[in-house]
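As structure tokens, the structure follows; a few thoughts come after it.
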Amino acid sequence: MNVEQIYKDADALLEGHFLLASGNHSARYLQSAKVLEYPETATKLADALANMIREAGVEVDTVCAPALGGVLAGYELARSLGVRSIFVEKKEGGMELRRGFEVKPGEKIIICEDIITTGGSAVKAAEAIEALGAKVVAFASLANRGFCKRVGGEAEAKPECKLPADVPLFSLADFTFEMYAPDACPMCQEGSTAIKPGSKG
Ligand code: ZN
């Protein structure tokens, strides 16, 4: 399966001149929500991710996603694995389970995101779940931005990665983009202006 081509076909892998949340500039940007616009594509990606998790022999009771970004990917992964799907939501300084969702002590949980960048939200979700006595057995994402090491991937974990080194990350592909500080950006030097993509505009 050519994951990068699926992202391109869905207009989820953008090319241009982008201002990232980190303040750096990049010529490529992953608009992760777009790849889940068509449920058929979401199902195909989640099935492939579920196969990786099964082949690794990871036992899982429940998939938990950090809202909002991870919810669709988490739901599809849960369907592919035949387990239940829950999500945690932001609160001051972390995340929490709401809406009557519960986990049991010892319950085996996969934290699922659409994309793992440094893994900050995934770690907050894991902390919320483990505070309730459940066990995070793996992290999963459709796309890995290349800061963290995924099972079977070539990219090594970078210092920015917040995921614990002793819990596996399953992801379909690494999307490692060149990033530039604004004053060292070749596109800026050619006179173009970086635009801010993402969820807020
Ligand atoms: Zn630039």
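Worth pointing out:
- In this structure the amide hydrogen of residue 171, modeled in the peptide plane, comes within under 5 Å of the amide hydrogens of 141, 151, none closer than 5 places in sequence on its chain.
- DSSP beta bridge pairing in the chain, given as percent antiparallel to the nearest 5: 35 percent
- Loop GluC sites (Glu not before Pro), the range 61-132 (other Cβ atoms within 10 Å of the site Cβ: 13 or fewer; DSSP): 92, 102
- Taken one residue at a time, the phi angles of the range 78-92 give Karplus couplings (6.51, -1.76, 1.60, θ = phi - 60°) of 4, 4, 5, 7, x, 10, 8, 10, 10, 9, 10, 10, 5, 9, 3 Hz. Gly and Pro are set to x.
- Note that the range 49-60 has calculated 3J(HN,Hα) couplings of 5, 4, 4, 4, 5, 5, 4, 7, x, 7, 8, 9 Hz, one per residue in order, obtained from phi through the Karplus relation 6.51 cos²θ - 1.76 cosθ + 1.60 (θ = phi - 60°); glycine and proline are x.
- Counted by Cβ distance under 10 Å from residue 42, the other residues give a net charge of -3, where Lys and Arg count +1 and Asp and Glu count -1.
- Note that the chain shows a convex hull volume over its alpha carbon atoms of 129 Å³ per residue.
- Pairs beyond 27 Å (Cα-Cα), from 8/196; 90/135; 104/149; 44/158: 104/149; 44/158
- Absence of a disulfide-compatible partner, taken as no other cysteine beta carbon within less than 4.7 angstrom, is noted in the chain for 64, 112.
- Neighbour cut-off at most 13 other Cβ (10 Å), DSSP loop, trypsin sites (Lys or Arg not before Pro), the range 1-105: 98, 99
- The residues neighbouring residue 70, those whose beta-carbon lies less than 9 Å from its own, together hold a net charge of -2 under the Lys/Arg +1, Asp/Glu -1 convention.
- Highest-first packing order for the peptide set 178-188, 147-157 is 147-157, 178-188, based on the mean count of other beta carbon atoms within 10 Å.
- Assigned charges on the beta-carbon of Lys, Arg, Asp, Glu; the range 37-177 dipole about Cα centre (debye): 200 debye
- Cut-off under 5 Å, modelled amide H: who pairs with residue 195 long-range: 17, 18, 19
- Solvent-accessible area per residue, Å², over the range 59-193 with all protein chains present [probe radius 1.4 Å]: 50 Å²
The values are calculated or read from the model by the stated rules, or taken from the named source; none is laboratory data. Quick caveat, the model's predicted, so the values are computed rather than measured. Don't worry about glycine lacking a Cβ; one is built from the backbone with ideal geometry, like all the others, and counts go over all protein chains shown. Protein only, heavy atoms only, side chains kept; ligands, DNA and RNA dropped before computing areas. Shrake-Rupley method; radii C 1.70, N 1.55, O 1.52, S 1.80 Å.
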